[in-house]
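Worksheet: one structure, shown below.
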Amino acid sequence: MIDLHVHSTASDGSFTASALMALARDIGLEAMAITDHDTFEGYDQAKQMAASFDIEIICGIEISARYNSRTVHLLGYFLNGQANAEMRRWILHLQHTRSLRNKVLADKLQKDGFNIALEDLAHKAPHMIGRPHFATAMVKKGYASSIREAFCDYLGEGGRYFVPRFEPSIQEASSMIAKANGIPVLAHPIRITRDATALEYYICDMKEMGVAGIEVYHSEHGRAEVELYKSIAQRFSLSITGGSDFHGEKDPSIALGYGLNRNLFIPKSVLDALRG
Ligand code: AMP
Ligand code: MN
Ligand code: MN
Ligand code: MN
């Protein structure tokens, strides 16, 4: 069994790289890709421990990209071990634009009396503070009753304090990943649309923009979706990937490797096929 979509404390997961490694070993994962948002830090830490845990660790990343004026998530997989220096520089640039957004967002909140300081959010993931960290703080301090409410009322598009951040286009993100010998993969296609015909069109369009694979297996995908995405992948000659999108505490119903209510079991052959 493998899991190719996992978040650590380097982004918005609640498990450190070493806690992830221990858990992966306990459940018998053969390979795990760390796919943090906008950072390789979790992967770098896990990679150093891979030999002692006897688990294959894959270098991955999850990037929010712009498609038709909306945000879609792209996964990048660097199967030969490393994202190159140019890719890492580009990621640093994304981190910088993210931190500019965070400052504006924190200022806006403070001006309106919210006791939320950037420094309080920074202790866990100094390079990747995202809106989930703001949302968690808002729930902890009683400004919102749930993460969902924090996004709906305050932080999400349409929320009172929504501040956009720079997001690269699908073309730019895919080409940066491909230039670094990575495979750009569309994450959790179920979040794009549930209309199969529209999705086919979008995926065909995204393939022309450089997307080379789709995440067929994911905690949010039911059996019917898995079959649909598999057939779309075959029709458009796209690679197939899969993972739980494990975040730990942020979504306790999702288990590493096994997904939501054990709806996942991704065989190692998926990784072998990805390698081609
Ligand atoms: P950021 O990259 O900092 O702008 O935050 C984006 C992240 O916030 C996404 O990857 C999601 O994990 C999370 N997110 C976005 N919208 C929502 C929502 N409505 N409810 C819960 N989490 C959300
Ligand atoms: Mn996340
Ligand atoms: Mn995602
Ligand atoms: Mn994810």
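The values are calculated or read from the model by the stated rules, or taken from the named source; none is laboratory data. These numbers come from a predicted model, not from an experiment. With ideal geometry, Cβ positions are generated from the backbone for all residues, glycine too; neighbour counts draw on all protein chains shown. The protein model used for the area step is the full one, side chains on, heavy atoms only, and it has no ligands, DNA or RNA in it. Shrake-Rupley method; radii C 1.70, N 1.55, O 1.52, S 1.80 Å.
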Subject >> Spin-label model distance (nm) - Asp120 vs Ser175, 7 Å beyond Cα toward Cβ >> reply: 4.3 nm
**OP:** Please compute the net charge surrounding Ala46, taking Lys and Arg as +1 and Asp and Glu as -1 over other residues with Cβ under 14 Å from its Cβ.
**Re:** -4
Original post:
Each residue of region 195-205 in order: what ³J(HN,Hα) in whole Hz does its phi give by Karplus 6.51 cos²θ - 1.76 cosθ + 1.60, θ = phi - 60°, with x for Gly and Pro?
Top reply: 8, 4, 5, 5, 4, 4, 4, 4, 5, 4, 4
Original post:
Label Ala85 and Leu100 with points 7 Å out from Cα along Cα→Cβ: what is the distance between them in nm?
Top reply: 2.5 nm
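Just the number, please: carbon plus sulfur as a percent of the accessible area of the chain, 1.4 Å probe, no ligands or DNA/RNA counted. Each step should come with its number before you reach the end.
Values: 6340 of 12330 Å².
Carbon and sulfur atoms account for 51 percent of the accessible area of the chain.
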**OP:** Work out the charge dipole of region 92-155 with +1 on the Cβ of Lys and Arg and -1 on the Cβ of Asp and Glu about the Cα centre, then indicate which of Gln95, Ile129, Leu155 is farthest towards its positive end.
**Re:** Gln95
Original post:
With point charges of +1 on the Cβ of Lys and Arg and -1 on the Cβ of Asp and Glu, referenced to the Cα centre of the chain, which listed residue (Leu118, Ile58, His218) lies farthest in the positive direction of the dipole?
Top reply: Leu118
**OP:** Would you mind getting the accessible area per residue of region 1-103, heavy atoms of the protein chains only, 1.4 Å probe, in Å²?
**Re:** 36 Å²
Original post:
What net charge do the residues around Trp90 carry, taking every other residue with its C-beta under 11 Å from that of Trp90, with Lys and Arg at +1 and Asp and Glu at -1?
Top reply: 0
**OP:** Taking a cut-off of 13 Å between Cα atoms, list the aspartates and glutamates near Lys250, but don't count ones fewer than 8 places away on the same chain.
**Re:** Asp12
Original post:
What net charge do the residues around Ser99 carry, taking every other residue with its C-beta under 11 Å from that of Ser99, with Lys and Arg at +1 and Asp and Glu at -1?
Top reply: +3
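Longer than 28 Å from Cα to Cα, which of Lys47/Lys140; Lys230/Lys268; Lys103/Lys140; Lys108/Lys179; Lys103/Lys179 are they? Say none if no pair is. Before the final figure, lay out each step's value.
Details: Lys47/Lys140 33 Å; Lys230/Lys268 16 Å; Lys103/Lys140 20 Å; Lys108/Lys179 38 Å; Lys103/Lys179 31 Å.
Beyond 28 Å between Cα atoms: Lys47/Lys140; Lys108/Lys179; Lys103/Lys179.
Suppose every Lys and Arg Cβ carries +1 and every Asp and Glu Cβ carries -1, with no other charges. What dipole size does the chain come out with about its Cα centre, to the nearest 20 debye? Let's see the in-between values first.
Details: 29 positive and 33 negative charges, 91 e Å.
Here the chain has a charge dipole of around 440 debye.
Using the Cα centre of region 92-155 as the reference point, and only Cβ charges (+1 on K/R, -1 on D/E), how large is the resulting charge dipole? Debye, rounded to the nearest 20.
Values: 10 positive and 6 negative charges, 30 e Å.
With Lys and Arg at +1 and Asp and Glu at -1, about 140 debye.
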**OP:** Select from Tyr161, Tyr217, Tyr77 the residue whose mean-square fluctuation is largest in a Gaussian network model of the chain (Cα-Cα springs shorter than 10 Å).
**Re:** Tyr161
**OP:** Specify the inter-centroid distance of region 1-59 and region 218-276, based on alpha-carbon positions, in whole Å.
**Re:** 16 Å
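Efficiency by 1/(1 + (r/R0)^6): what FRET value for Arg25 and Thr193, r their Cβ-Cβ distance, R0 = 51 Å, to the nearest 0.05? Don't skip to the end; give the middle numbers.
Numbers: r = 38 Å, r/R0 = 0.74.
It comes to 0.85.
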Subject >> DSSP beta bridge pairing in region 1-109, given as percent antiparallel to the nearest 5 >> reply: 55 percent
Original post:
How large is the helix-only mean residue ellipticity at 222 nm for the chain, computed as the sum of -39500 (n - 2.57) over DSSP H runs with n ≥ 4, divided by its residue count, in deg cm²/dmol to the nearest 500?
Top reply: -12500 deg cm²/dmol
